[in-house]
Amino acid sequence: MMASIDGMPSLPLLFHTSQDQTIAWCDGAPVRVREFLADVRRVAQALPAGGHVFNMCTDRYRFAVGLCASILAGKISLLPSAHTPEAVRQLAAFAPDTFCLHDSATCSVALPQFRFPEASHVGAKSDRALNALSTASGSEEEDDEFVVPHIDAAQTVACLFTSGSTGVPVPHAKKWGFLVQCLRTSAARLGLAERGACTLIGTVPPQHMYGFENTVLLALVGGCAFSNRQPFYPGDIASELGALPQPRVLITSPVHLRTLMLAGQALPPVALTVSATAPLAQDLAAQAETALHAPLLEIYGSTETGQIATRRTAHEVAWRLYPGVRLEKRHRARPAAEVDAHLGTQPEAQRIAQDERADDADDSAIWVSGAHVEAPVPMGDALEPLDDNRFLLHGRKADLINIAGKRTSLGYLNHQLNAIPGVVDAVFFMPDDTQGSAGPLRHGELVTRLLAFVVAPGLAAAELQRALRERIDAAFMPRPLIFVDALPRNATGKLPRDVLTAMVAQHTGAARLRVPDAKGAASVSGVPEPAALTFTIPADHPALPGHFPGQPIVPGVVLLDHAITMIGAALGRSLDPCRLTSAKFLHPAAPDQPLTLSFEVAASGAIRFTISAAGRTVASGVLAAPQSASMSSHDTVAA
């Protein structure tokens, strides 16, 4: 059965009890509820025509105002899993009336654009217009000084997308009543009421499900405040924590926590740490609890279901379900009407979603239903119910691999590799059969092999391989093991498969290299002529806010970091011993702009590289080989 929101005809837009409460901190200054609501009403009046909003605001306060303004205006916020040009084209196909709400002086999104209107740009609206808007939204308040709009519980306020196995974005509509129910339960599970007037500090963006729920909606529904900033580097996180009052709640991810712990940065204490987006290692959770002087709760959920369970990872393995959420085995098929009711009026999207769920829902599939989960959903993870309230998570079904009759999961392998002392970050990857990490012929066919990318500046390859052999079966040893300076994780700390696929392509023949031959002279390697290396820096990259406000350009250090990482991946070795002897930045690079990287290895071992865009050079540089030894042809054989 589908969940019900009967008995909840309307619910408040926010659950704060006083107009003088702080709802946000903008660059260290408090914003009261009355000021927030005034901004929401003002922006709602200014929004252009169009029923769907792609909210690209990078400032969390503007995002939240834009979200609430869209709700008041009866518009649906579209939150895709990626912000690439292709994702934008798919958005436009899904909802042709979509416009982009942004807060940048230069927005390259190929949609009708509407820049977030600051108060000085819009001008004051009449009291009559504001009161009319409040009445239209269903407000039952009579106090003119503190009018909280009420929203129909059945109103669809957002639509989040998952890419799914077909690669076509699958929409998941979110109704206000179910979102409120979910976040009220979450606020209770996190103990926010007992902690007092909490301030939420998020290292993750608000455009993705985890950040959307826990850095914006949790503040609205839980009566909390949130910070408009998105600190990324350890020093920035420490600074933001120190600038805001206790009780502070840090909303973060495993990749951010790992970086924070490795930095050894002195951290102001928090009341609570919350983590999600990827499995969190128990030892890292314990380390974070010690460093931040607070408990850490890990959240489990999905775009389809929202959050459904938590655990205190440092002390327990099992997950505890939210009240009313149920796990059960179901058969493969689902009534079409159930899918139709869940997704609304998008027939093609309904068909895709139904097909994907049927494909995923094998005989061992666990379905989630009840409470705020509007329609039963088959989980892509392998879940083991322990009782009515607890379950174990054994990883994603898609991560299960079978080599030489032996079975394991990518999640298990990643955990073992990342647990080796000296490993900063690492990931295993199983290429498709058509990709280039193939082993020897077996029965006339190429055998696809596991490979792994690893960030471990102080470890030699042989040392790391010995440590890994003690932890995993030889059948799962990565061939090759590729050292890189950093992994190109997105803003939530995830590594999309298409990004890893591109890295594999770069490693297995992405550049025609000039390498020294046995006599020391430069010669062309036998690698076939490949496609050029290309990359983009997404508009939601955490280094862009503040560089520069209103007209973002990609910082030079980000360009260098991507270039060195990609060259290292192509060469199959770490470039940490090399020195950057020169770097020139000739033209600015914009977010989402296609960039091309080319490089050449000289006889001395030096690497010259160029980054270009639209036919002109953006940056160039030289990496000098270590003084102790020059590069030999053996060093570059992996390329």
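Structure data summary
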{"read-out": "Top-ranked residue in the stretch 267-280 [being in contact with a Ser or Thr (Cβ under 8 Å, 6 or more places away or on another chain) and part of a loop (DSSP other than H, G, I, E, B); ranked as nearest to residue 195 (Cα to Cα)]", "value": "276"}
{"read-out": "Unique match (being at pLDDT 95 or above, crowded, with 20+ Cβ neighbours inside 10 Å and in the same structural domain as residue 161 (by TED's automatic domain parsing)) among 78, 47", "value": "78"}
{"read-out": "Considering residues of the stretch 449-492 that are part of a loop (DSSP other than H, G, I, E, B) and basic (Lys, Arg) only, the residue farthest from residue 566 (Cα to Cα)", "value": "471"}
{"read-out": "Count of the stretch 169-194 residues which are β-branched (Val, Ile, Thr) and either in contact with a strand residue (DSSP E or B) (Cβ under 6 Å, 6 or more places away or on another chain) or buried (at least 24 other Cβ atoms within 10 Å of the Cβ) (or both)", "value": "2"}
{"read-out": "Filtered residue count, the stretch 417-447, keeping only those that are modelled with pLDDT under 85 and at negative phi", "value": "16"}
{"read-out": "Flag for residue 138 being modelled with pLDDT under 50, in contact with a strand residue (DSSP E or B) (Cβ under 7 Å, 6 or more places away or on another chain), surrounded by 15 or more Cβ atoms within 10 Å (Cβ to Cβ) and over 22 Å from residue 48 (Cβ atoms)", "value": "yes"}
{"read-out": "Leading residue by the ranking (surrounded by the most Cβ atoms within 10 Å (Cβ to Cβ)) among those in the stretch 565-592 that are among the β-branched types (Val, Ile, Thr) and modelled with pLDDT under 85", "value": "567"}
{"read-out": "Search result, residues across the stretch 204-236 that are within 21 Å of the chain's Cα centre (by Cα), of a type outside the set (D, E, K, R) and at pLDDT 95 or above", "value": "212, 214, 215, 216, 217, 218, 219, 226, 227, 228"}
{"read-out": "Residues within the stretch 281-301 that are under 23 Å from residue 416 (Cβ atoms), among the aliphatic types (A, V, I, L, M) and either part of a helix (DSSP H, G or I) or at pLDDT 95 or above (or both), tallied", "value": "5"}
{"read-out": "Pick from the stretch 612-639, criterion surrounded by 15 or more Cβ atoms within 10 Å (Cβ to Cβ) and over 15 Å from residue 568 (Cα atoms), ranking: modelled with the lowest pLDDT", "value": "630"}
{"read-out": "Close pairs (6 angstrom Cβ cut-off, 6 or more residues apart or separate chains): of a type in the set (Val, Ile, Thr) in the stretch 250-265, modelled with pLDDT under 85 anywhere", "value": "255/489; 255/493"}
{"read-out": "Residues satisfying the stated conditions in the stretch 92-108, i.e. of a type outside the set (Val, Ile, Thr) and over 20 Å from residue 172 (Cβ atoms)", "value": "99, 100, 101, 102, 103, 104, 105, 107, 108"}
{"read-out": "Residue that is out of contact with any Leu (no Cβ under 7 Å at 6 or more places or on another chain) and within 30 Å of residue 173 (Cα to Cα), where the choices are 249, 221, 216, 204", "value": "204"}
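The values are calculated or read from the model by the stated rules, or taken from the named source; none is laboratory data. Note that the coordinates shown come from a computational prediction; the quantities given were computed from them, not determined experimentally. We place every Cβ from the backbone using ideal geometry, glycine too, and count neighbours over all the protein chains shown.
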